[in-house]
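To start, the structure itself, in structure tokens.
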Amino acid sequence: MKVPLRNNCKKIEKMSLKNKVAVITGGNSGIGFGIAEALKNEGAKGVIVGRNQQTLDSSVVKLGDNFIAINADVTNLADLERVFKETSEKFGKIDVIVANAGGGTVGTVATLGEAEFDQTIDLNLKSVYFTVNKALPYMNDGGSIILIGSNAAHRAYPNFTLYGAAKSAVIFFAKAFSSDLLGRKIRVNVITPGTTDTPAFDKFIPEDQIDVIKTHFASEMPIGRIGQPSDIGKTAVFLASDDSSFILGAEILVDGGMSYLAK
Ligand code: NDP
């Protein structure tokens with residue numbers, strides 16, 4: 001005998017990050033905001049970190065009551081200490097850290113000097129190390145740490161010399177940190193985005209050429225489109241949740257094939 005389906009029977013969805021506490025650096029823009037939104041949609045609460053008060057404020061309005069913003073510079077160790085102390089005072093121990101804040105300095109070995117070297121390494125490498133270092137005393141054992149790399153670590157694109165080097169080391173950090181933290185069962189993984197549609201991308205393109213250049217970039221991607229912050233967000237949800245409990249020290253390419261596939 002067939003049992004009739006009830007039309008009003010709703011699918012009961014289980015939120016994979018219900019009540020998990022997350023901190024997302026650079027959560028007020030682009031990929032970081034996409035990650036914060038995706039974690040929130042799975043039930044997480046917590047903190048976004050950045051320096052621009054206006055975008056911090058507008059982002060928390062969009063994320064809703066379970067998120068707050070902390071204005072802090074990820075290259076400043078005292079600021080990082082304050083972020084994790086305040087987070088744990090407000091929400092309790094932290095389950096998920098996303099070290100996402102970063103950005104490029106454009107130039108070659110012939111043009112970039114000491115100031116650019118220090119600035120690029122501070123923002124893309126030192127900040128990642130100390131985000132994790134300062135977060136650890138405030139984290140739950142069994143937590144998940146997600147680092148954000150870049151496809152610039154895999155191919156030597158012109159002008160991404162220092163940035164690519166810093167991101168290569170970030171990929172190594174996922175392995176080394178996972179090894180360091182085995183005793184606490186904290187897993188560390190890295191997501192490598194390819195070209196993704198964010199305000200950072202727009203910074204390098206004159207406004208009147210944005211559409212043409214984005215179409216060109218899309219045509220260069222093996223998959224035929226550039227990435228969206230939500231593409232990275234979905235992967236971050238997986239790495240933050242128990243669904244990825246057997247994955248540590250790993251790199252997940254979310255790059256439309258651009259790191260390894262010939263077009
Ligand atoms: P955005 O410029 O949109 O966002 C960068 C974020 O980092 C902002 O929220 C910014 O906040 C924050 N940030 C920058 N410097 C600091 C600082 N010193 N202290 C605190 N926060 C800081 O860039 P994306 O979203 O594109 O980039 C996010 C990550 O993804 C970066 O690590 C980037 O390298 C990586 N990536 C991006 C790709 C792309 O194509 N977009 C491709 C591959 C990797 P605020 O301005 O308020 O300080």
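Give the stretch 195-215 a look and list any residue that's of a type outside the set (Asp, Glu), more than 14 Å from the ligand (Cβ to nearest atom) and part of a helix (DSSP H, G or I), or say none.
Gln209, Val212, Thr215
Going through the stretch 167-187 one residue at a time, which ones are part of a helix (DSSP H, G or I), touching a helix residue (DSSP H, G or I) at 6+ places or on another chain (Cβ under 7 Å) and not β-branched (Val, Ile, Thr)? Working first, answer last.
We begin by selecting, within the stretch 167-187, every residue part of a helix (DSSP H, G or I); these are 167-180, 182-184.
If we keep only those that are touching a helix residue (DSSP H, G or I) at 6+ places or on another chain (Cβ under 7 Å) as well, we get 167-171, 173, 177.
Answer for the stretch 167-187, where residues must be part of a helix (DSSP H, G or I), touching a helix residue (DSSP H, G or I) at 6+ places or on another chain (Cβ under 7 Å) and not β-branched (Val, Ile, Thr): Lys167, Ser168, Ala169, Phe173, Phe177.
For the structure I just gave you, tell me whether Val190 is assigned to a helix (DSSP H, G or I) and either within 24 Å of Lys45 (Cα to Cα) or within 14 Å of the ligand (Cβ to nearest atom) (or both). Spell out the reasoning first.
Working: assigned to a helix (DSSP H, G or I): no; either within 24 Å of Lys45 (Cα to Cα) or within 14 Å of the ligand (Cβ to nearest atom) (or both): yes.
When the stated conditions are applied, Val190 does not pass them.
Among all residue pairs at least 6 apart or on different chains, which show Cβ distances below 8 Å where the first residue, located in the stretch 120-134, is under 15 Å from Phe172 (Cβ atoms) and the second is hydroxyl-bearing (Ser, Thr, Tyr) and part of a helix (DSSP H, G or I)?
Here the result reads Asn124/Tyr163, each pair linking the stretch 120-134 to a residue that is hydroxyl-bearing (Ser, Thr, Tyr) and part of a helix (DSSP H, G or I).
I'd like to verify a number: residues in the stretch 62-89 that are free of Cβ contacts under 8 Å to residues at least 24 places away in the same chain and away from the ligand (no atom under 12 Å from the Cβ), how many? Reasoning before the result, please.
From the stretch 62-89, those free of Cβ contacts under 8 Å to residues at least 24 places away in the same chain are 65, 68, 70-73, 76, 78-79, 82, 89; that's our starting set.
Remaining after also requiring away from the ligand (no atom under 12 Å from the Cβ): 65, 68, 78, 82, 89.
Final tally of qualifying residues: 5.
Of the residues in the stretch 24-40, how many are away from the ligand (no atom under 12 Å from the Cβ) and within 21 Å of Gly92 (Cβ to Cβ)?
Start the filter on the stretch 24-40 by keeping residues that are away from the ligand (no atom under 12 Å from the Cβ), which leaves 37-40.
If we keep only those that are within 21 Å of Gly92 (Cβ to Cβ) too, we end up with 39-40.
The qualifying residues number 2.
Taking the stated definitions as given, is Ile148 touching a residue at least 60 places away in the same chain (Cβ under 8 Å) and surrounded by 23 or more Cβ atoms within 10 Å (Cβ to Cβ)?
On the way: touching a residue at least 60 places away in the same chain (Cβ under 8 Å): yes; surrounded by 23 or more Cβ atoms within 10 Å (Cβ to Cβ): yes.
Yes; evaluated as a whole, the condition is true for this residue.
Can you give me the number of residues within the stretch 136-157 that are within 14 Å of the ligand (Cβ to nearest atom) and either hydrophobic (A, V, I, L, M, F, W, C) or in contact with a strand residue (DSSP E or B) (Cβ under 9 Å, 6 or more places away or on another chain) (or both)? It would help to see each step written out before you state the result.
Within the stretch 136-157, the first condition is being within 14 Å of the ligand (Cβ to nearest atom), and the residues that meet it are 146-155, 157.
Now drop any that are not either hydrophobic (A, V, I, L, M, F, W, C) or in contact with a strand residue (DSSP E or B) (Cβ under 9 Å, 6 or more places away or on another chain) (or both), which leaves 146-154.
Residues flagged as within 14 Å of the ligand (Cβ to nearest atom) and either hydrophobic (A, V, I, L, M, F, W, C) or in contact with a strand residue (DSSP E or B) (Cβ under 9 Å, 6 or more places away or on another chain) (or both) within the stretch 136-157 amount to 9.
Evaluate the following for Gly257: is it touching a Pro at 6+ places or on another chain (Cβ under 6 Å), of a type outside the set (S, T, N, Q) and under 30 Å from Glu42 (Cα atoms)?
On the way: touching a Pro at 6+ places or on another chain (Cβ under 6 Å): yes; of a type outside the set (S, T, N, Q): yes; under 30 Å from Glu42 (Cα atoms): yes.
Considered against the rule, which asks whether it is touching a Pro at 6+ places or on another chain (Cβ under 6 Å), of a type outside the set (S, T, N, Q) and under 30 Å from Glu42 (Cα atoms), Gly257 comes out as yes.
Hey, could you check the stretch 66-103 for residues that are among the β-branched types (Val, Ile, Thr) and not in a loop (DSSP other than H, G, I, E, B) and say which is surrounded by the fewest Cβ atoms within 10 Å (Cβ to Cβ)? If you could, list the steps in order and put the result at the bottom.
At the first step, the residues of the stretch 66-103 found to be among the β-branched types (Val, Ile, Thr) are 68, 70, 74-75, 83, 87, 94, 96-98.
Within this subset, residues satisfying the condition of being not in a loop (DSSP other than H, G, I, E, B) are 68, 70, 83, 87, 94, 96-98.
Numbers: Ile68: 16, Ile70: 19, Val83: 24, Thr87: 23, Ile94: 23, Val96: 26, Ile97: 29, Val98: 31.
The selected residue is Ile68.
Look at the stretch 135-145 and say how many of its residues are farther than 20 Å from Ala236 by Cβ and crowded, with 16+ Cβ neighbours inside 10 Å.
Looking only at that region, the number is 0.
Would you check if there is a residue in the stretch 244-255 being β-branched (Val, Ile, Thr) and farther than 16 Å from Gly142 by Cα? Talk me through it step by step, then tell me what you get.
If we filter the stretch 244-255 for residues that are β-branched (Val, Ile, Thr), which is where we start, we get 247, 252, 254.
Then keep just the ones that are farther than 16 Å from Gly142 by Cα; that gives 252, 254.
Yes, the stretch 244-255 contains a residue that is β-branched (Val, Ile, Thr) and farther than 16 Å from Gly142 by Cα.
Matching residues to (1) surrounded by fewer than 18 Cβ atoms within 10 Å (Cβ to Cβ); (2) modelled with pLDDT of 90 or more; (3) more than 24 Å from Gly43 (Cβ to Cβ):
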site: Phe204; (1), (2), (3): yes, no, yes
site: Ile213; (1), (2), (3): yes, no, yes
site: Ile226; (1), (2), (3): no, yes, yes
site: Thr235; (1), (2), (3): no, yes, no
site: Leu239; (1), (2), (3): no, yes, no
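From the set of residues in the stretch 45-59 that are over 17 Å from Ile31 (Cβ atoms) and over 17 Å from the mean Cα position of the chain (by Cα), which is farthest from the ligand (Cβ to nearest atom)? Working first, answer last.
So in the stretch 45-59, the residues over 17 Å from Ile31 (Cβ atoms) come out as 45, 53-54, 57.
Those left that are additionally over 17 Å from the mean Cα position of the chain (by Cα): 53-54, 57.
Numbers: Gln53: 8, Gln54: 9, Asp57: 11 Å.
Here the answer is Asp57.
If only one of Leu162, Leu181 is more than 16 Å from the ligand (Cβ to nearest atom) and not acidic (Asp, Glu), which one is it?
Checking each option against the conditions leaves just Leu181.
The values are calculated or read from the model by the stated rules, or taken from the named source; none is laboratory data. Note that the structure is predicted; figures quoted are calculated from it, not measured. Please note: Cβ atoms are built from the backbone with ideal geometry, for glycine as well, and neighbour counts cover all protein chains shown.
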